[in-house]
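S.K.: Below: one structure in structure tokens.
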Ligand SMILES: Nc1ncnc2c1ncn2[C@@H]1O[C@H](COP(=O)(O)O)[C@@H](O)[C@H]1O
Ligand SMILES: Nc1ncnc2c1ncn2[C@@H]1O[C@H](COP(=O)(O)O)[C@@H](O)[C@H]1O
Ligand SMILES: [Mg+2]
Ligand SMILES: [Mg+2]
Ligand SMILES: [Mg+2]
Ligand SMILES: [Mg+2]
Ligand SMILES: [Mg+2]
Ligand SMILES: [Mg+2]
Ligand SMILES: [Zn+2]
Ligand SMILES: [Zn+2]
């Protein structure tokens, strides 16, 4: 099943139509089109409306959607960043819209993200919905969208985070200008080396990170660690940035040994997750330990321990007093742990 | 088998000892140590000695290795970039060196890479070996090392390529200084936002790229394409950069459809390869097509075609007049193709 391993932030609702990013006329038409949807970002947070669904389900967050008329004067401001996100994916042939029957097939609505430095309180007044806000703690507040909206937020926030940190040319230090629907920044210094040939300095950055559940050689325990900043009693998978000139599998082995002292043999890729804080690609793996003594790197990890499968199952099911907690279901760490407890101990 | 999918540029010969990067005293001791090995880079090319092995095997390239005494005055020059690569991995317990028996266990030799802007011809005079050079065409000349040296070149060249393009702070445009053994650049502007918290602007960049062999729904054909710049009759796998907010699997589906018009269903990760031109992580996948009509994106691809398994086998075995050629064995594209022809057509 294709959707077996779908993680939060991974659903693709829009067709990115990357070929249209260089088509200025087409982009201009879409910008002014009455069907076009705009999302508003302030400080890398999207404007959302929140509602308490019920005691059990918790908060449900929805993106506030704007039309061209409501944002057009923001588009004129020099500090505004505009990103073309894509167009809504056409439904399958089973549900053709009546307009598709006609000569000029109606194109599906385009989506854009706007980042603005206007005052947040003023921006909120534009919205007719209730309980609107720009959430302040992305790691928590961006986890309450629907799967569809989460995928859009992942794309928009990653690209906007890049613009907010990469407005100068790393090759010569000059200012840069936004191009290609928000997917390129070109140096304004005509003599800059970055303008000769194709260089990654001009394109958004995606940082590959390995995140791994390390399995004890006995197959019935897993290695979890906690950072000082974690909530009390929370443990998670080890993780780390892939370094230059390194494979994913070697990054898993290196990071596990650095952080916990445990040596790892075979590594198996399971699934991945875009994590837009700011723009990581979390590469989820299972890793089989070939040693068991733990010696944590105290700069990064406060504690690392082997957990029995049964302990993990009890904590995931959240009895009245779980001994430990894990990150929420929206994280790939949670999904790797769940994947493992569903597996046979017979590796 | 762990080494089943080992690709060129992937062998880890050195232990990176990333914890030592912040230990200035230790690094200083290693810099001056008589056992330490230095590699010299000019214009992102390592100094190598080449020998024609025989008509069949072709050229064999070896890294020129220097001792501290031979490079110490280069280390004083302001334009020199020095990267700590790691220490040689200790052999297993089966072959302990005699010194390990003694009290003060002898540490294995450390390796550094030096990038200098000194005149290349002058640099070559330092070397006692014959046929030394700084190769000019990395895509070809960096493919003739041993597996061990290729892994070291991948690491060194990726990090040096980052320094050569990222000497200014992307957040404020100021100059930056090299830190942590060459794995960090910090902004020299004390007021810069990049100094508050941890940001990717300070760390080397690794660009994840998906590269995929697309299999026809009949299981017996694969999709290969060629760019205009390829040698005549060479075809290869499609490939493309993973975008922000996207999974590897969705990047495969998007890039294949963009470049060839073919729609892809299931995607399976096979293996990956660091590609140090400049610092890509090539993520190799098999992908199963769910449509077969080809419509190439002419900006990127000159031609794309379905190839019969038998045609591919004949071309790989290189009879006297192969109808097509593929990239060399050192590329993950070649390995994906080889992997597929060894597979059963019964997906
Ligand atoms: N791209 C990056 N973004 C942020 N931190 C990085 C990056 N690359 C390396 N680091 C460093 O890696 C540390 C986190 O360790 P880890 O995630 O285990 O690799 C950070 O505190 C940084 O010092
Ligand atoms: N990190 C990057 N480095 C170089 N080119 C990039 C990067 N990201 C996007 N691109 C663009 O992607 C094109 C290559 O297409 P593809 O490899 O198929 O994604 C280049 O010509 C650039 O326009
Ligand atoms: Mg870590
Ligand atoms: Mg790390
Ligand atoms: Mg780490
Ligand atoms: Mg491509
Ligand atoms: Mg692309
Ligand atoms: Mg492409
Ligand atoms: Zn520039
Ligand atoms: Zn700065």
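We did not get these values from a lab; they are worked out from the coordinates using the rules stated. This one's a predicted model, so the numbers in the text were calculated from it and none came from an experiment. Neighbour counts are summed over all protein chains in view; Cβ atoms, including those assigned to glycine, are modelled from backbone coordinates with ideal geometry.
S.K.: As a footprinting exposure proxy, order B:256, B:312 by other Cβ within 10 Å, with the fewest listed first.
M.R.: Result, fewest neighbours first: B:312, B:256.
S.K.: Inside 10 Å of the C-beta atoms of A:14-24, what's the mean count of C-beta atoms belonging to other chains?
M.R.: If you average over the peptide's residues, the count of other-chain Cβ atoms is 2.
S.K.: Something else: Just to confirm the number: angle between the C-alpha axis of helix A:147-165 and the first principal axis of chain A, 0 to 90 degrees, nearest 10?
M.R.: 80
S.K.: Fewest first, what order do B:164, B:175, A:194 take by the number of other Cβ atoms within 10 Å?
M.R.: Ascending number of Cβ neighbours within 10 Å: B:175, B:164, A:194.
S.K.: Of the listed peptides B:72-81, A:109-118, what is their order by residue-averaged count of other C-beta atoms within 10 Å, with the highest listed first?
M.R.: Ranked from most to least packed, the peptides come out as A:109-118, B:72-81.
S.K.: Mind running the shape call on the protein assembly as shown? Use the C-alpha gyration tensor, a ≥ b ≥ c as the square roots of the eigenvalues: rounded below 1.5 for a/c, prolate if a/b tops b/c, oblate otherwise.
M.R.: Verdict is rounded for the protein assembly as shown.
S.K.: May I ask for the angle, rounded to the nearest 10°, between helix B:248-260 and the longest principal axis of chain B, with both axes built from Cα atoms and the value confined to 0 to 90°?
M.R.: Result, in degrees: 60.
S.K.: If one computes the Cα centroid of region A:267-300 and of region B:59-89, what distance in Å separates the two points?
M.R.: What the calculation gives is 32 Å, centre to centre.
S.K.: Can you give me the three principal axis dimensions of region A:1-69 from its C-alpha atoms, in Å, biggest first?
M.R.: So the three principal-axis extents are 49, 37, 24 Å.
S.K.: Could you tell me how many degrees, from 0 to 90 and to the nearest 10, lie between the Cα long axis of helix B:332-341 and the main elongation axis, the longest principal axis, of the Cα atoms of chain B?
M.R.: Helix B:332-341 sits roughly 40 degrees off the main axis of chain B.
S.K.: Once you have the alpha carbon radius of gyration of chain A, what is it after dividing by 2.2 N^0.38 Å, with N set to its residue count?
M.R.: In units of the globular-protein estimate, chain A measures up at 1.12.
S.K.: Let me check the size of region B:6-152 from its C-alpha atoms; what are the radius of gyration and Dmax in Å?
M.R.: 16.5, 51
S.K.: Run through all the Cα pairs of region B:236-347 and give the fraction in each 10 Å bin from 0, expressed as whole percent.
M.R.: 12, 42, 39, 7, 0
S.K.: What does the C-alpha gyration tensor say about the overall shape of region A:112-270? Classify as rounded when a/c is under 1.5, otherwise prolate if a/b is larger than b/c, or oblate.
M.R.: Oblate is the answer for region A:112-270, as a/c is 1.5 or above yet b/c matches or exceeds a/b.
S.K.: Additional query: What are the label-to-label distances in nm, one decimal and shortest first, from residue B:124 to the same spot in the other copies, with labels 7 Å along Cα to Cβ?
M.R.: 6.8
S.K.: Sticking with this one: Between residue A:117 and residue B:321, how high is the FRET efficiency from 1/(1 + (r/R0)^6) when r is the Cβ-Cβ distance and R₀ = 41 Å? Nearest 0.05.
M.R.: It comes to 0.05.
S.K.: So what is the calculated 222 nm ellipticity per residue for chain A, using -39500 (n - 2.57) for each DSSP H run with n of 4 or more, over all residues, to the nearest 500 deg cm²/dmol?
M.R.: About -6500 deg cm²/dmol.
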